[in-house]
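Peer 1: Okay, here's the structure, questions in a sec.
The values are calculated or read from the model by the stated rules, or taken from the named source; none is laboratory data. Note that the structure is predicted; figures quoted are calculated from it, not measured. Heads up, the Cβs are rebuilt from the backbone with ideal geometry, glycines too, and the neighbour counts pull from every protein chain shown.
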Amino acid sequence: MEYGLWVNGEWLTSEGHKVFNVYNPATENIIAEVAEASLADVNQAVKSAKQAFQDGRWSRLSFGDRAARLMRFADLLEQKQDEFVRWESLQTGKPVKLVTYSDFPFSIDNLRFFAGASRVLEGHATGEYDGSHTSWIRREPIGVVASIAPWNYPFLMGMWKIGPALASGNTVVLKPASLTPITALMMGPLAKEAGIPDGVLNIVAGPGRVIGNELVNHHDVAMVSLTGDTQTGRAIMASAAARVKRLHLELGGKAPAVVLDDADLPSAVQGIAVGSLVNTGQDCTAATRVYVHRSIYRDFVEQLKSVFQTVRLGDPLDMHTDIGPVISQAQWTKVDGYVQEARKMGAEIEIGGTRPASLNRGYYYEPTLITSVEQHWPCVQEEIFGPVLVVLPFQDDAEALAMANDVDYGLASSIWTRHLNRGLRFARDLDFGEVWMNDHLPLTSEMPHGGIKQSGFGHDLSRYALEEYTTLKHVMAETEGGTVKPWHFTVLGDTPES
(Lines give C-alpha, C1' and ligand atoms only; values in the text may rest on other atoms or scores of the structure.)
Protein backbone atom coordinates (compact mmCIF):
# COMPACT_ATOMS: atom_id res chain seq x y z
CA MET A 1 0.00 0.00 0.00
CA GLU A 2 1.09 3.56 -0.68
CA TYR A 3 -0.16 6.66 1.10
CA GLY A 4 0.46 10.34 0.47
CA LEU A 5 -0.24 13.40 2.57
CA TRP A 6 -3.87 14.44 3.08
CA VAL A 7 -3.89 18.23 2.73
CA ASN A 8 -6.77 20.53 1.84
CA GLY A 9 -9.00 17.66 0.85
CA GLU A 10 -6.69 15.81 -1.53
CA TRP A 11 -3.77 13.40 -1.64
CA LEU A 12 -0.38 15.02 -2.20
CA THR A 13 3.09 13.62 -2.67
CA SER A 14 5.72 15.00 -0.35
CA GLU A 15 8.25 17.58 -1.43
CA GLY A 16 11.03 15.69 -3.16
CA HIS A 17 8.81 12.57 -3.21
CA LYS A 18 10.42 11.34 0.00
CA VAL A 19 8.82 8.25 1.59
CA PHE A 20 9.30 5.95 4.57
CA ASN A 21 8.30 2.35 5.28
CA VAL A 22 5.78 1.04 7.79
CA TYR A 23 6.44 -2.41 9.29
CA ASN A 24 4.28 -5.11 10.78
CA PRO A 25 5.82 -5.77 14.23
CA ALA A 26 4.50 -9.34 14.21
CA THR A 27 6.37 -10.31 11.05
CA GLU A 28 8.96 -7.51 10.66
CA ASN A 29 7.78 -7.16 7.04
CA ILE A 30 7.09 -3.88 5.22
CA ILE A 31 3.35 -3.35 4.82
CA ALA A 32 3.12 0.19 3.45
CA GLU A 33 5.04 3.11 1.99
CA VAL A 34 4.05 6.55 3.26
CA ALA A 35 4.94 10.04 2.09
CA GLU A 36 7.28 11.78 4.53
CA ALA A 37 6.23 15.39 5.00
CA SER A 38 8.83 18.13 4.63
CA LEU A 39 8.75 21.48 6.41
CA ALA A 40 7.18 22.96 3.30
CA ASP A 41 4.48 20.28 3.37
CA VAL A 42 3.73 21.04 7.02
CA ASN A 43 3.48 24.74 6.23
CA GLN A 44 1.03 23.96 3.44
CA ALA A 45 -1.10 21.87 5.79
CA VAL A 46 -1.16 24.61 8.41
CA LYS A 47 -1.92 27.23 5.76
CA SER A 48 -4.88 25.17 4.55
CA ALA A 49 -6.16 24.72 8.10
CA LYS A 50 -5.77 28.43 8.87
CA GLN A 51 -7.61 29.47 5.71
CA ALA A 52 -10.43 27.03 6.46
CA PHE A 53 -10.73 28.46 9.96
CA GLN A 54 -10.58 32.11 8.95
CA ASP A 55 -13.20 31.89 6.23
CA GLY A 56 -15.58 30.15 8.64
CA ARG A 57 -16.37 27.24 6.33
CA TRP A 58 -16.47 25.03 9.42
CA SER A 59 -16.53 27.16 12.57
CA ARG A 60 -19.52 29.22 11.40
CA LEU A 61 -21.72 26.32 10.43
CA SER A 62 -24.71 25.89 12.67
CA PHE A 63 -24.10 23.51 15.56
CA GLY A 64 -26.64 21.12 14.10
CA ASP A 65 -25.05 21.11 10.66
CA ARG A 66 -21.57 20.52 12.06
CA ALA A 67 -22.85 17.72 14.28
CA ALA A 68 -24.67 16.08 11.37
CA ARG A 69 -21.48 15.97 9.29
CA LEU A 70 -19.51 14.45 12.15
CA MET A 71 -22.24 11.86 12.61
CA ARG A 72 -21.97 11.08 8.90
CA PHE A 73 -18.20 10.76 9.31
CA ALA A 74 -18.77 8.23 12.09
CA ASP A 75 -21.20 6.29 9.91
CA LEU A 76 -18.72 6.13 7.03
CA LEU A 77 -15.92 4.98 9.32
CA GLU A 78 -18.18 2.30 10.75
CA GLN A 79 -19.01 1.05 7.26
CA LYS A 80 -15.29 0.50 6.72
CA GLN A 81 -14.77 -1.23 10.07
CA ASP A 82 -13.24 -4.42 8.70
CA GLU A 83 -10.67 -2.47 6.71
CA PHE A 84 -9.73 -0.20 9.60
CA VAL A 85 -9.51 -3.07 12.07
CA ARG A 86 -7.24 -5.08 9.78
CA TRP A 87 -4.83 -2.22 9.11
CA GLU A 88 -4.76 -1.16 12.74
CA SER A 89 -3.80 -4.70 13.70
CA LEU A 90 -1.20 -4.97 10.95
CA GLN A 91 0.60 -1.72 11.77
CA THR A 92 0.55 -2.05 15.57
CA GLY A 93 0.64 -5.80 16.22
CA LYS A 94 -2.54 -5.44 18.29
CA PRO A 95 -4.70 -8.54 18.60
CA VAL A 96 -7.57 -8.14 16.19
CA LYS A 97 -10.08 -8.93 18.94
CA LEU A 98 -8.86 -5.91 20.95
CA VAL A 99 -9.34 -3.59 17.96
CA THR A 100 -12.66 -5.15 16.96
CA TYR A 101 -14.33 -5.12 20.36
CA SER A 102 -12.60 -2.20 22.07
CA ASP A 103 -10.55 0.33 20.10
CA PHE A 104 -12.77 0.71 17.04
CA PRO A 105 -16.25 0.82 18.61
CA PHE A 106 -15.02 3.12 21.38
CA SER A 107 -13.55 5.47 18.78
CA ILE A 108 -16.82 5.67 16.84
CA ASP A 109 -18.83 6.16 20.02
CA ASN A 110 -16.47 8.95 21.03
CA LEU A 111 -16.91 10.79 17.74
CA ARG A 112 -20.69 10.52 17.99
CA PHE A 113 -20.61 11.72 21.59
CA PHE A 114 -18.73 14.89 20.68
CA ALA A 115 -20.95 15.52 17.68
CA GLY A 116 -23.94 15.60 20.02
CA ALA A 117 -22.30 17.29 23.01
CA SER A 118 -21.03 20.18 20.89
CA ARG A 119 -24.60 21.34 20.31
CA VAL A 120 -24.97 22.40 23.94
CA LEU A 121 -21.72 24.17 24.81
CA GLU A 122 -22.38 25.73 28.18
CA GLY A 123 -21.46 29.19 29.42
CA HIS A 124 -22.25 31.29 32.48
CA ALA A 125 -25.80 32.55 32.93
CA THR A 126 -26.66 35.87 31.30
CA GLY A 127 -27.19 38.65 33.83
CA GLU A 128 -26.97 42.32 34.74
CA TYR A 129 -24.29 41.86 37.33
CA ASP A 130 -23.59 45.56 37.90
CA GLY A 131 -27.08 46.83 37.22
CA SER A 132 -26.35 48.65 33.98
CA HIS A 133 -24.71 46.07 31.74
CA THR A 134 -25.79 42.68 30.49
CA SER A 135 -22.99 40.06 30.42
CA TRP A 136 -22.85 36.76 28.64
CA ILE A 137 -20.26 34.14 27.78
CA ARG A 138 -19.33 32.88 24.34
CA ARG A 139 -17.40 29.63 24.08
CA GLU A 140 -15.47 29.79 20.82
CA PRO A 141 -13.02 27.58 18.88
CA ILE A 142 -9.33 28.30 19.31
CA GLY A 143 -8.14 28.03 15.71
CA VAL A 144 -5.66 25.62 14.15
CA VAL A 145 -4.96 22.65 16.41
CA ALA A 146 -1.88 20.47 15.92
CA SER A 147 -2.84 16.99 17.12
CA ILE A 148 0.08 14.63 17.72
CA ALA A 149 -1.09 11.04 18.22
CA PRO A 150 0.89 8.08 19.66
CA TRP A 151 1.73 4.70 18.18
CA ASN A 152 0.08 2.54 20.86
CA TYR A 153 -3.51 3.54 19.98
CA PRO A 154 -3.21 5.31 16.61
CA PHE A 155 -6.85 5.16 15.53
CA LEU A 156 -8.40 5.54 18.98
CA MET A 157 -6.16 8.40 20.14
CA GLY A 158 -6.42 10.07 16.75
CA MET A 159 -10.19 10.08 17.17
CA TRP A 160 -9.93 11.28 20.78
CA LYS A 161 -8.10 14.31 19.43
CA ILE A 162 -9.93 15.22 16.25
CA GLY A 163 -13.38 14.52 17.72
CA PRO A 164 -13.53 17.33 20.30
CA ALA A 165 -11.34 19.63 18.20
CA LEU A 166 -13.61 19.45 15.15
CA ALA A 167 -16.81 19.39 17.19
CA SER A 168 -15.75 22.69 18.78
CA GLY A 169 -15.25 24.33 15.38
CA ASN A 170 -11.46 24.17 15.16
CA THR A 171 -9.43 23.01 12.18
CA VAL A 172 -6.82 20.28 12.62
CA VAL A 173 -3.43 19.15 11.38
CA LEU A 174 -3.09 15.58 12.63
CA LYS A 175 0.37 14.03 12.85
CA PRO A 176 0.19 10.29 13.52
CA ALA A 177 3.23 8.45 14.83
CA SER A 178 5.67 7.42 12.10
CA LEU A 179 5.44 3.80 13.21
CA THR A 180 1.64 3.70 12.78
CA PRO A 181 0.29 6.31 10.32
CA ILE A 182 -1.96 4.18 8.12
CA THR A 183 -5.39 4.29 9.80
CA ALA A 184 -5.05 8.01 10.47
CA LEU A 185 -4.41 8.67 6.78
CA MET A 186 -7.35 6.47 5.86
CA MET A 187 -9.66 8.90 7.67
CA GLY A 188 -9.03 11.77 5.26
CA PRO A 189 -11.17 10.81 2.25
CA LEU A 190 -14.03 9.67 4.49
CA ALA A 191 -14.03 13.04 6.28
CA LYS A 192 -14.38 14.73 2.90
CA GLU A 193 -17.16 12.37 1.86
CA ALA A 194 -18.97 13.19 5.11
CA GLY A 195 -19.07 16.88 4.17
CA ILE A 196 -16.20 18.12 6.32
CA PRO A 197 -14.84 20.99 4.16
CA ASP A 198 -11.42 20.90 2.55
CA GLY A 199 -8.67 22.15 4.84
CA VAL A 200 -10.55 21.39 8.05
CA LEU A 201 -8.79 18.05 8.62
CA ASN A 202 -5.23 17.66 7.30
CA ILE A 203 -3.07 14.59 7.99
CA VAL A 204 0.71 14.56 7.56
CA ALA A 205 3.18 11.87 8.57
CA GLY A 206 6.88 11.94 9.28
CA PRO A 207 9.44 12.10 12.09
CA GLY A 208 8.40 13.99 15.20
CA ARG A 209 11.77 15.66 15.58
CA VAL A 210 11.17 17.40 12.24
CA ILE A 211 7.50 17.89 11.47
CA GLY A 212 6.26 17.59 15.05
CA ASN A 213 8.71 20.27 16.06
CA GLU A 214 7.59 22.46 13.15
CA LEU A 215 3.96 22.16 14.18
CA VAL A 216 4.74 23.03 17.80
CA ASN A 217 6.69 26.12 16.79
CA HIS A 218 4.47 27.26 13.91
CA HIS A 219 3.10 30.76 14.48
CA ASP A 220 -0.28 29.87 12.95
CA VAL A 221 -0.86 26.85 15.20
CA ALA A 222 -2.96 28.04 18.13
CA MET A 223 -2.91 24.84 20.20
CA VAL A 224 -0.92 21.62 20.45
CA SER A 225 -2.50 18.40 21.71
CA LEU A 226 -0.07 15.56 22.44
CA THR A 227 -0.46 12.06 23.73
CA GLY A 228 3.03 10.71 24.30
CA ASP A 229 5.84 10.23 26.77
CA THR A 230 6.69 12.75 29.46
CA GLN A 231 10.07 13.65 27.96
CA THR A 232 8.38 14.70 24.71
CA GLY A 233 5.81 16.66 26.71
CA ARG A 234 8.53 18.61 28.47
CA ALA A 235 10.18 19.46 25.14
CA ILE A 236 6.87 20.67 23.70
CA MET A 237 6.20 22.81 26.76
CA ALA A 238 9.61 24.45 26.40
CA SER A 239 9.06 25.15 22.69
CA ALA A 240 5.51 26.39 23.15
CA ALA A 241 6.53 28.85 25.85
CA ALA A 242 7.98 31.28 23.30
CA ARG A 243 4.49 31.93 21.90
CA VAL A 244 2.54 31.14 25.09
CA LYS A 245 0.81 28.43 23.06
CA ARG A 246 -2.12 26.50 24.46
CA LEU A 247 -1.28 22.88 25.32
CA HIS A 248 -3.13 19.67 26.05
CA LEU A 249 -0.76 16.94 27.26
CA GLU A 250 -1.60 13.34 28.12
CA LEU A 251 1.76 11.86 29.06
CA GLY A 252 3.26 8.82 30.74
CA GLY A 253 1.93 6.73 33.58
CA LYS A 254 2.94 4.16 36.16
CA ALA A 255 -0.41 2.99 37.45
CA PRO A 256 -0.58 1.24 40.82
CA ALA A 257 -3.15 -1.39 41.75
CA VAL A 258 -3.63 -1.68 45.52
CA VAL A 259 -5.05 -5.00 46.76
CA LEU A 260 -6.29 -4.77 50.35
CA ASP A 261 -6.62 -7.74 52.68
CA ASP A 262 -10.41 -7.84 52.25
CA ALA A 263 -10.33 -7.87 48.45
CA ASP A 264 -12.04 -10.53 46.36
CA LEU A 265 -8.79 -12.26 45.44
CA PRO A 266 -9.84 -14.08 42.22
CA SER A 267 -11.46 -10.87 40.96
CA ALA A 268 -8.33 -8.85 41.73
CA VAL A 269 -6.07 -11.40 40.05
CA GLN A 270 -8.21 -11.54 36.91
CA GLY A 271 -8.72 -7.77 36.70
CA ILE A 272 -5.08 -6.89 37.28
CA ALA A 273 -3.88 -9.50 34.78
CA VAL A 274 -6.10 -7.92 32.13
CA GLY A 275 -5.18 -4.40 33.26
CA SER A 276 -1.46 -5.10 32.99
CA LEU A 277 -1.42 -7.01 29.70
CA VAL A 278 -3.82 -4.86 27.65
CA ASN A 279 -2.20 -3.93 24.34
CA THR A 280 0.88 -5.93 25.41
CA GLY A 281 1.30 -3.50 28.31
CA GLN A 282 1.78 -0.57 25.92
CA ASP A 283 -0.82 1.57 27.64
CA CYS A 284 -0.15 4.56 29.89
CA THR A 285 -3.04 3.53 32.16
CA ALA A 286 -1.99 -0.15 32.35
CA ALA A 287 -1.52 -1.65 35.80
CA THR A 288 2.27 -1.76 36.10
CA ARG A 289 2.91 -2.18 39.83
CA VAL A 290 0.75 -4.03 42.34
CA TYR A 291 0.79 -3.53 46.10
CA VAL A 292 -0.72 -6.50 47.93
CA HIS A 293 -1.39 -6.87 51.65
CA ARG A 294 1.25 -9.10 53.15
CA SER A 295 -1.33 -11.60 54.47
CA ILE A 296 -2.44 -12.52 50.92
CA TYR A 297 0.70 -11.58 49.00
CA ARG A 298 1.97 -15.07 48.18
CA ASP A 299 -1.47 -16.37 47.23
CA PHE A 300 -1.92 -13.41 44.92
CA VAL A 301 1.45 -13.95 43.22
CA GLU A 302 0.81 -17.65 42.64
CA GLN A 303 -2.67 -17.09 41.24
CA LEU A 304 -1.47 -14.26 38.98
CA LYS A 305 1.40 -16.44 37.79
CA SER A 306 -1.12 -19.13 36.83
CA VAL A 307 -3.17 -16.64 34.82
CA PHE A 308 -0.05 -15.34 33.02
CA GLN A 309 0.75 -18.93 32.00
CA THR A 310 -2.54 -19.13 30.08
CA VAL A 311 -1.91 -16.04 27.91
CA ARG A 312 -1.84 -16.83 24.20
CA LEU A 313 0.79 -15.03 22.10
CA GLY A 314 0.70 -15.31 18.34
CA ASP A 315 -0.63 -13.92 15.11
CA PRO A 316 -2.48 -10.66 15.89
CA LEU A 317 -4.96 -11.40 13.06
CA ASP A 318 -6.04 -14.61 14.82
CA MET A 319 -9.11 -13.88 16.97
CA HIS A 320 -7.78 -16.32 19.61
CA THR A 321 -4.57 -14.37 20.22
CA ASP A 322 -4.51 -12.56 23.57
CA ILE A 323 -1.46 -10.34 23.16
CA GLY A 324 0.79 -9.54 20.24
CA PRO A 325 4.32 -8.15 19.93
CA VAL A 326 5.59 -4.84 21.21
CA ILE A 327 5.81 -2.16 18.52
CA SER A 328 9.47 -2.37 17.48
CA GLN A 329 12.90 -3.82 18.14
CA ALA A 330 13.82 -0.65 20.02
CA GLN A 331 10.82 -1.11 22.32
CA TRP A 332 11.64 -4.80 22.82
CA THR A 333 15.19 -3.85 23.84
CA LYS A 334 13.88 -1.21 26.25
CA VAL A 335 11.46 -3.64 27.92
CA ASP A 336 14.08 -6.37 28.21
CA GLY A 337 16.58 -3.86 29.58
CA TYR A 338 14.33 -3.11 32.57
CA VAL A 339 13.74 -6.80 33.23
CA GLN A 340 17.42 -7.75 33.07
CA GLU A 341 18.38 -4.77 35.23
CA ALA A 342 15.88 -5.91 37.87
CA ARG A 343 17.26 -9.45 37.68
CA LYS A 344 20.80 -8.18 38.27
CA MET A 345 19.60 -6.14 41.26
CA GLY A 346 18.23 -9.29 42.89
CA ALA A 347 14.63 -9.43 41.71
CA GLU A 348 12.81 -12.72 41.24
CA ILE A 349 11.44 -13.27 37.73
CA GLU A 350 8.41 -15.41 38.58
CA ILE A 351 7.49 -15.97 34.93
CA GLY A 352 8.55 -14.60 31.55
CA GLY A 353 11.49 -12.28 31.08
CA THR A 354 12.44 -13.31 27.55
CA ARG A 355 11.26 -13.89 23.99
CA PRO A 356 8.79 -16.79 23.55
CA ALA A 357 10.66 -19.86 22.27
CA SER A 358 7.86 -20.68 19.82
CA LEU A 359 7.99 -17.31 18.05
CA ASN A 360 11.22 -16.59 16.20
CA ARG A 361 9.89 -13.62 14.19
CA GLY A 362 8.33 -10.44 15.45
CA TYR A 363 8.97 -8.38 18.56
CA TYR A 364 7.28 -10.68 21.04
CA TYR A 365 7.96 -10.60 24.77
CA GLU A 366 6.57 -13.05 27.31
CA PRO A 367 4.18 -11.78 29.99
CA THR A 368 6.55 -11.10 32.86
CA LEU A 369 5.90 -11.06 36.59
CA ILE A 370 8.61 -9.67 38.89
CA THR A 371 8.80 -9.86 42.71
CA SER A 372 11.44 -9.20 45.40
CA VAL A 373 11.91 -5.61 44.23
CA GLU A 374 12.40 -2.34 46.10
CA GLN A 375 10.22 0.73 45.82
CA HIS A 376 13.06 2.92 44.51
CA TRP A 377 14.16 0.56 41.71
CA PRO A 378 13.72 1.69 38.09
CA CYS A 379 11.28 -1.14 37.31
CA VAL A 380 8.96 0.28 39.99
CA GLN A 381 9.45 3.98 39.31
CA GLU A 382 9.77 4.26 35.51
CA GLU A 383 7.41 3.55 32.64
CA ILE A 384 8.43 0.28 30.93
CA PHE A 385 5.60 0.08 28.37
CA GLY A 386 5.57 -3.65 27.91
CA PRO A 387 3.96 -6.79 29.39
CA VAL A 388 5.84 -6.46 32.69
CA LEU A 389 4.26 -6.31 36.14
CA VAL A 390 5.99 -5.84 39.50
CA VAL A 391 4.37 -6.94 42.76
CA LEU A 392 5.28 -5.62 46.22
CA PRO A 393 3.83 -6.40 49.69
CA PHE A 394 2.60 -3.86 52.24
CA GLN A 395 1.68 -4.04 55.91
CA ASP A 396 -1.16 -1.52 56.36
CA ASP A 397 -3.29 0.98 54.45
CA ALA A 398 -1.02 3.92 55.21
CA GLU A 399 2.02 2.15 53.80
CA ALA A 400 0.09 1.05 50.69
CA LEU A 401 -1.09 4.60 50.01
CA ALA A 402 2.39 6.07 50.50
CA MET A 403 3.97 3.54 48.12
CA ALA A 404 1.25 3.93 45.50
CA ASN A 405 1.69 7.72 45.45
CA ASP A 406 5.48 7.53 45.46
CA VAL A 407 6.08 8.05 41.73
CA ASP A 408 6.42 11.07 39.45
CA TYR A 409 3.34 10.08 37.45
CA GLY A 410 -0.32 10.67 38.22
CA LEU A 411 -2.53 9.24 35.48
CA ALA A 412 -4.37 6.13 36.64
CA SER A 413 -4.72 3.79 39.64
CA SER A 414 -7.01 1.17 41.12
CA ILE A 415 -8.07 -0.01 44.57
CA TRP A 416 -9.37 -3.50 45.30
CA THR A 417 -11.52 -4.01 48.42
CA ARG A 418 -14.92 -5.29 49.54
CA HIS A 419 -15.19 -2.41 52.04
CA LEU A 420 -16.79 0.68 50.52
CA ASN A 421 -15.47 3.14 53.08
CA ARG A 422 -11.87 1.93 52.69
CA GLY A 423 -12.22 2.18 48.94
CA LEU A 424 -13.60 5.71 49.14
CA ARG A 425 -10.75 6.81 51.39
CA PHE A 426 -8.21 5.48 48.90
CA ALA A 427 -10.09 7.10 46.01
CA ARG A 428 -9.78 10.41 47.85
CA ASP A 429 -6.11 10.06 48.75
CA LEU A 430 -4.62 8.45 45.63
CA ASP A 431 -2.81 11.18 43.63
CA PHE A 432 -4.03 10.15 40.20
CA GLY A 433 -6.45 11.61 37.70
CA GLU A 434 -8.27 8.27 37.40
CA VAL A 435 -9.14 5.87 40.22
CA TRP A 436 -10.94 2.59 39.58
CA MET A 437 -12.52 0.54 42.36
CA ASN A 438 -12.46 -3.23 41.86
CA ASP A 439 -11.57 -2.91 38.20
CA HIS A 440 -8.77 -1.44 36.08
CA LEU A 441 -9.02 0.11 32.59
CA PRO A 442 -12.65 0.89 31.62
CA LEU A 443 -13.34 4.35 30.21
CA THR A 444 -16.46 5.92 28.77
CA SER A 445 -17.05 8.82 26.41
CA GLU A 446 -19.19 10.63 28.97
CA MET A 447 -16.55 10.89 31.71
CA PRO A 448 -13.13 12.63 31.65
CA HIS A 449 -9.71 11.05 31.37
CA GLY A 450 -6.53 12.93 32.24
CA GLY A 451 -3.60 13.05 34.60
CA ILE A 452 -1.71 15.16 37.11
CA LYS A 453 1.97 15.55 38.05
CA GLN A 454 4.33 14.26 35.32
CA SER A 455 1.37 12.70 33.49
CA GLY A 456 0.40 16.08 32.08
CA PHE A 457 -2.74 18.19 32.13
CA GLY A 458 -5.98 18.53 30.22
CA HIS A 459 -8.70 15.95 29.66
CA ASP A 460 -9.81 13.66 26.89
CA LEU A 461 -13.37 12.35 26.68
CA SER A 462 -16.48 14.01 28.18
CA ARG A 463 -17.73 17.57 27.85
CA TYR A 464 -14.59 18.69 29.69
CA ALA A 465 -12.59 17.92 26.55
CA LEU A 466 -14.74 20.44 24.67
CA GLU A 467 -13.58 23.03 27.18
CA GLU A 468 -9.97 22.14 26.37
CA TYR A 469 -10.55 22.95 22.68
CA THR A 470 -12.48 26.20 23.18
CA THR A 471 -11.79 29.61 24.63
CA LEU A 472 -14.08 31.84 26.69
CA LYS A 473 -15.13 35.29 25.56
CA HIS A 474 -17.01 37.64 27.86
CA VAL A 475 -19.36 40.05 26.07
CA MET A 476 -20.67 43.01 28.12
CA ALA A 477 -23.36 45.33 26.72
CA GLU A 478 -24.44 48.62 28.34
CA THR A 479 -28.23 48.75 28.77
CA GLU A 480 -29.12 52.20 30.11
CA GLY A 481 -28.11 54.52 27.24
CA GLY A 482 -26.76 58.03 27.68
CA THR A 483 -23.42 59.58 26.91
CA VAL A 484 -22.05 59.83 30.45
CA LYS A 485 -22.05 56.55 32.35
CA PRO A 486 -22.35 56.53 36.14
CA TRP A 487 -18.75 55.43 36.62
CA HIS A 488 -17.10 57.87 34.16
CA PHE A 489 -16.35 60.41 36.88
CA THR A 490 -13.54 58.16 38.12
CA VAL A 491 -11.60 59.20 35.02
CA LEU A 492 -13.27 62.34 33.77
CA GLY A 493 -15.27 64.75 35.94
CA ASP A 494 -16.08 65.40 39.59
CA THR A 495 -17.08 62.97 42.29
CA PRO A 496 -20.79 62.76 43.21
CA GLU A 497 -20.04 64.57 46.48
CA SER A 498 -18.57 67.62 44.69
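Peer 1: Mind checking whether some residue in the stretch 101-110 is acidic (Asp, Glu), under 26 Å from residue 331 (Cβ atoms) and either surrounded by 21 or more Cβ atoms within 10 Å (Cβ to Cβ) or out of contact with any His (no Cβ under 7 Å at 6 or more places or on another chain) (or both)? Even if it seems obvious, please write down each step before you answer.
Peer 2: Taking the stretch 101-110 as the starting set, the residues that turn out to be acidic (Asp, Glu) are 103, 109.
Adding the requirement that they be under 26 Å from residue 331 (Cβ atoms) leaves 103.
From what's left, either surrounded by 21 or more Cβ atoms within 10 Å (Cβ to Cβ) or out of contact with any His (no Cβ under 7 Å at 6 or more places or on another chain) (or both): 103.
Checked the stretch 101-110: at least one residue is acidic (Asp, Glu), under 26 Å from residue 331 (Cβ atoms) and either surrounded by 21 or more Cβ atoms within 10 Å (Cβ to Cβ) or out of contact with any His (no Cβ under 7 Å at 6 or more places or on another chain) (or both).
Peer 1: Right, something else. Tell me which of these residue 138 doesn't satisfy, since it passes every other one: (1) surrounded by fewer than 19 Cβ atoms within 10 Å (Cβ to Cβ); (2) without any contact (Cβ under 8 Å) to a residue 60 or more places away in the chain; (3) in a strand (DSSP E or B).
Peer 2: Unmet for residue 138, out of (1) surrounded by fewer than 19 Cβ atoms within 10 Å (Cβ to Cβ); (2) without any contact (Cβ under 8 Å) to a residue 60 or more places away in the chain; (3) in a strand (DSSP E or B): (2).
Peer 1: Got a number for residues in the stretch 443-493 being part of a loop (DSSP other than H, G, I, E, B) and either surrounded by 11 or more Cβ atoms within 10 Å (Cβ to Cβ) or in contact with a strand residue (DSSP E or B) (Cβ under 7 Å, 6 or more places away or on another chain) (or both)?
Peer 2: So the first thing to find is which residues in the stretch 443-493 are part of a loop (DSSP other than H, G, I, E, B), and the list is 443-448, 450-451, 454-455, 458-459, 461, 469, 479-487, 491-493.
When the remaining residues are screened for being either surrounded by 11 or more Cβ atoms within 10 Å (Cβ to Cβ) or in contact with a strand residue (DSSP E or B) (Cβ under 7 Å, 6 or more places away or on another chain) (or both), the result is 443-448, 450-451, 454-455, 458-459, 461, 469, 479, 485-486.
So the answer is 17.
Peer 1: Sticking with this structure for a sec: Got a number for residues in the stretch 60-100 being buried (at least 21 other Cβ atoms within 10 Å of the Cβ) and among the polar types (S, T, N, Q)?
Peer 2: Of the residues in that region, 3 qualify.
Peer 1: Can you tell me which condition residue 462 does not meet? The list is (1) on the phi < 0 side of the Ramachandran plot; (2) assigned by TED's automatic domain parsing to the domain that holds residue 236; (3) not aromatic (Phe, Trp, Tyr), and all the others hold.
Peer 2: Condition (1) is where residue 462 drops out.
Peer 1: I've got another one for you. Pull up the stretch 207-236, narrow it to residues that are under 20 Å from residue 54 (Cβ atoms) and touching a strand residue (DSSP E or B) at 6+ places or on another chain (Cβ under 8 Å), then point me to the one that is surrounded by the fewest Cβ atoms within 10 Å (Cβ to Cβ).
Peer 2: So the residue we want is 220.
Peer 1: Additional query: Does residue 400 satisfy being over 16 Å from residue 308 (Cβ atoms) and loosely packed, with under 14 Cβ neighbours inside 10 Å? Walk me through how you get there before you give the answer.
Peer 2: On the way: over 16 Å from residue 308 (Cβ atoms): yes; loosely packed, with under 14 Cβ neighbours inside 10 Å: no.
Here the answer is no, as residue 400 does not meet what is asked.
Peer 1: In this structure, does residue 226 turn out to be in a strand (DSSP E or B), out of contact with any Ser or Thr (no Cβ under 7 Å at 6 or more places or on another chain) and in contact (Cβ under 8 Å) with a residue 12 or more places away in the chain?
Peer 2: Numbers: in a strand (DSSP E or B): yes; out of contact with any Ser or Thr (no Cβ under 7 Å at 6 or more places or on another chain): no; in contact (Cβ under 8 Å) with a residue 12 or more places away in the chain: yes.
Spelling it out, it is not the case that residue 226 is in a strand (DSSP E or B), out of contact with any Ser or Thr (no Cβ under 7 Å at 6 or more places or on another chain) and in contact (Cβ under 8 Å) with a residue 12 or more places away in the chain.
Peer 1: Right, something else. Checking residue 317 against (1) more than 13 Å from residue 26 (Cβ to Cβ); (2) part of a loop (DSSP other than H, G, I, E, B); (3) in contact with a helix residue (DSSP H, G or I) (Cβ under 9 Å, 6 or more places away or on another chain), which test does it fail?
Peer 2: Going through (1) more than 13 Å from residue 26 (Cβ to Cβ); (2) part of a loop (DSSP other than H, G, I, E, B); (3) in contact with a helix residue (DSSP H, G or I) (Cβ under 9 Å, 6 or more places away or on another chain) one by one, residue 317 breaks only (1).
Peer 1: Filter the stretch 351-381 for residues that are of a type in the set (A, V, I, L, M, F, W, C) and in a loop (DSSP other than H, G, I, E, B); which is surrounded by the fewest Cβ atoms within 10 Å (Cβ to Cβ)? Let's see the steps before the verdict.
Peer 2: Of the residues in the stretch 351-381, the ones of a type in the set (A, V, I, L, M, F, W, C) are 351, 357, 359, 369-370, 373, 377, 379-380.
The next check asks that each one be in a loop (DSSP other than H, G, I, E, B); those that pass are 357, 359, 373, 377.
Details: 357: 7, 359: 16, 373: 19, 377: 18.
The residue in question is 357.
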